[in-house]
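Structure first, commentary second.
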Amino acid sequence: MEEKVQLSYNGQHIEFPLVEGSQGEKAIDIQSLRAQTGLITLDPGYKNTGSCSSAITFLDGEKGILRYRGYDIAALAEKVSFLEVAFLLIFGELPTEEQLTKLQDDIHHESLVDEDIKTILKSFPKSAHPMGVLSSLTSALISFNPSSVDVDSDEDMYKAIVLLMAKFPILCSWAQRKIKGLPLNYADTSLSYTENFAKMMFRMPQQEYTAKPEIIRALNKLLILHADHEQNCSTSTVRIVGSSHAGLFASISAGISALWGPLHGGANQAVIEMLEAIKEDGGDTEKFMAKAKDKNDPFRLMGFGHRVYKNFDPRAKIIKQTADEVLGQLGIEDPILDIAKKLEKQALNDPYFVDRKLYPNVDFYSGIIYRAMGIPTEMFTVMFALGRLPGWIAQWREMRLGKEPIGRPRQIYTGHTERFI
Ligand code: ACO
């Protein structure tokens with residue numbers, strides 16, 4: 001028998017169906033609530049609200065599970081490339097060799113942006129934050145590629161995806177070159193997606209560049225671990241903007257802005273700044289732990305806590321291990337890694353953090369790796385955006401193909417009742 005949930009209101013008993021996901025998660029389907037009762041639900045921050053059904057990413061915050069299209073994140077990070085994960089997320093299956101070669105070739109073919117984009121880039125001050133630059137340039141891509149995507153055409157959809165996957169890493173690398181005052185690099189189409197990105201970021205005009213394999217391995221892992229995370233703030237932004245049938249590039253540009261915030265993707269920059277500040281202050285981690293616990297102090301332990309992970313963040317585990325490996329392989333000793341480890345140890349034994357189920361999240365160690373690679377702190381969230389791009393595209397595509405209605409929440413009005421002048 002179909003399970004139902006009953007609501008009693010105004011002497012009426014109304015039944016709502018339960019929907020169940022493929023992993024046994026249950027939700028009350030309240031689509032007829034307002035029509036039947038005149039009521040709406042109120043859930044600031046959407047802590048209890050599912051905005052859609054999705055077949056892309058499964059996560060269980062209590063058990064610390066994260067899977068893309070059914071595959072465990074740790075296995076993917078170990079065994080496949082970022083481009084394979086991008087294909088998996090967007091199209092639902094890992095690519096065959098033939099599909100992967102075609103995608104790589106198509107991306108190589110589209111790996112250039114209009115020279116006039118450089119003029120826009122030039123007009124930003126050197127002090128501009130790369131996330132602002134990236135969001136603006138992604139939005140500007142619309143004007144240079146104005147044809148709208150016919151979402152019912154597989155070919156059209158594929159073309160738009162290839163275009164964005166090809167041009168986005170160029171814009172990300174240019175955002176870094178800009179703040180460093182370096183000449184802009186174009187893609188080297190003989191290289192893989194990740195190698196090419198590293199070359200565009202780091203190649204100096206006076207010498208050739210070959211990326212160290214350990215850097216490419218770590219970069220590949222980091223990008224995979226960031227590639228999707230179901231209905232987080234930026235992804236929900238991409239879906240909601242796209243639900244108005246704004247184009248793919250416009251939706252992604254909005255997602256970049258959402259990711260920028262320090263409570264979301266901006267946390268990786270905030271973590272390093274926090275660790276640096278602790279170091280500058282003499283390295284007394286206990287002092288900063290006390291500040292984090294003090295309700296009268298706005299300081300928070302950045303890189304700690306997560307809206308859904310209440311046990312551990314499976315990405316953080318892999319990233320911590322990768323940080324140890326990369327720094328070891330590159331022979332780098334970074335005192336802020338020791339500070340990070342000390343903070344983690346103290347927090348995991350402190351009732352304040354234990355009781356509130358606050359664990360290191362994906363951002364706690366990722367910045368330490370980016371730093372070891374020579375990526376400036378302001379660029380960390382751009383790196384997150386590059387990793388998240390396939391997830392955003394996959395979610396946008398799913399939303400459009402699913403013919404989802406325009407996203408338009410309701411509210412409870414608390415302002416003045418009618419007034420007269
Ligand atoms: N340091 C100190 N206290 C914290 C922290 C923290 N990092 N995170 C949460 N808390 C406390 C809150 O003060 C609150 O305490 P209270 O119950 O006594 O009032 C309790 O833990 C619950 O916190 P909320 O803010 O209600 O939890 P929410 O799920 O809304 O927020 C968030 C999650 C935004 C990630 C939060 O933990 C945070 O601000 N962390 C630091 C920023 C960060 O690392 N963001 C990256 C998230 S991962 C990502 O987006 C990729």
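The values are calculated or read from the model by the stated rules, or taken from the named source; none is laboratory data. Being a predicted model, the structure only gives us computed values, none of them experimental. Neighbour counts are summed over all protein chains in view; Cβ atoms, including those assigned to glycine, are modelled from backbone coordinates with ideal geometry.
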- Go through the residues of the range 302-316 one by one and say whether even a single one is assigned to a helix (DSSP H, G or I) and either away from the ligand (no atom under 12 Å from the Cβ) or free of Cβ contacts under 8 Å to residues at least 12 places away in the same chain (or both). yes
| message | Regarding the range 320-334, can at least one residue be identified that is more than 14 Å from the ligand (Cβ to nearest atom), in a helix (DSSP H, G or I), of a type in the set (G, A, S) and surrounded by 18 or more Cβ atoms within 10 Å (Cβ to Cβ)? | response | yes
Going through (1) part of a helix (DSSP H, G or I); (2) in contact with a helix residue (DSSP H, G or I) (Cβ under 9 Å, 6 or more places away or on another chain) one by one, D156 fails only at (2)
Checked against (1) at pLDDT 90 or above; (2) in contact with a strand residue (DSSP E or B) (Cβ under 8 Å, 6 or more places away or on another chain), V308 satisfies every condition except (1)
In the set L171, L134, L164, L141, the lone residue that is at pLDDT below 95 and assigned to a helix (DSSP H, G or I) is L141
Per the list (1) under 22 Å from M399 (Cα atoms); (2) touching a helix residue (DSSP H, G or I) at 6+ places or on another chain (Cβ under 9 Å); (3) loosely packed, with under 13 Cβ neighbours inside 10 Å, residue check on Y71 breaks on (3)
Taking the range 353-379 and keeping residues touching a Lys or Arg at 6+ places or on another chain (Cβ under 7 Å) and surrounded by 24 or more Cβ atoms within 10 Å (Cβ to Cβ) leaves V362, Y365
> Does V382 qualify as being within 10 Å of the ligand (Cβ to nearest atom), under 24 Å from the mean Cα position of the chain (by Cα) and either in a loop (DSSP other than H, G, I, E, B) or under 30 Å from Y68 (Cα atoms) (or both)?
Replying inline: no
If we ask which residues in the range 257-287 are near the ligand (Cβ under 9 Å from one of its atoms), of a type in the set (A, V, I, L, M, F, W, C) and in a helix (DSSP H, G or I), their number turns out to be 4
Residue pairs within 6 Å by beta carbon, gap of at least six or interchain, first lying in the range 161-182 and on the phi < 0 side of the Ramachandran plot, second aromatic (F, W, Y) and assigned to a helix (DSSP H, G or I), listed first then second, are P169/F197
Scanning the range 288-301 for residues that are free of Cβ contacts under 8 Å to residues at least 24 places away in the same chain and basic (K, R), the one farthest from the ligand (Cβ to nearest atom) turns out to be K291
* Asked: If we scan the range 85-101, do we find a residue that is within 30 Å of L182 (Cα to Cα) and surrounded by 13 or more Cβ atoms within 10 Å (Cβ to Cβ)?
  -> yes
- Query: Being surrounded by 12 or more Cβ atoms within 10 Å (Cβ to Cβ) and under 28 Å from I319 (Cβ atoms), is that true of even one residue in the range 2-24?
  - Reply: yes
Taking first residues from the range 385-409 that are without any contact (Cβ under 8 Å) to a residue 60 or more places away in the chain and second residues anywhere that are of a type in the set (A, V, I, L, M, F, W, C) and buried (at least 24 other Cβ atoms within 10 Å of the Cβ), the pairs with Cβ under 9 Å that are 6 or more apart or on different chains are none
Next item on the list: Return yes or no: is A211 farther than 26 Å from L184 by Cβ, without any contact (Cβ under 8 Å) to a residue 60 or more places away in the chain, out of contact with any strand residue (DSSP E or B) (no Cβ under 9 Å at 6 or more places or on another chain) and not in a helix (DSSP H, G or I)?
Entry: no
Given the condition more than 16 Å from the chain's Cα centre (by Cα), in a helix (DSSP H, G or I), more than 16 Å from the ligand (Cβ to nearest atom) and more than 30 Å from K403 (Cβ to Cβ), answer yes or no: does some residue in the range 218-239 qualify?
yes
For the range 13-37, the count of residues that are farther than 20 Å from T57 by Cβ and either at pLDDT below 95 or in contact with a strand residue (DSSP E or B) (Cβ under 8 Å, 6 or more places away or on another chain) (or both) equals 13
I256 passes all but one of the listed conditions (1) surrounded by fewer than 19 Cβ atoms within 10 Å (Cβ to Cβ); (2) within 11 Å of the chain's Cα centre (by Cα); the exception is number (1)
Within the range 335-371, restricting to residues that are assigned to a helix (DSSP H, G or I) and among the acidic types (D, E), the one that is farthest from the ligand (Cβ to nearest atom) is D338
| message | Looking for something within 33 Å of the chain's Cα centre (by Cα) and among the aromatic types (F, W, Y) - is there at least one such residue anywhere in the range 55-67? | response | yes
Taking the range 25-48 and keeping residues under 15 Å from Q231 (Cβ atoms) and surrounded by 12 or more Cβ atoms within 10 Å (Cβ to Cβ) leaves A27, Y46
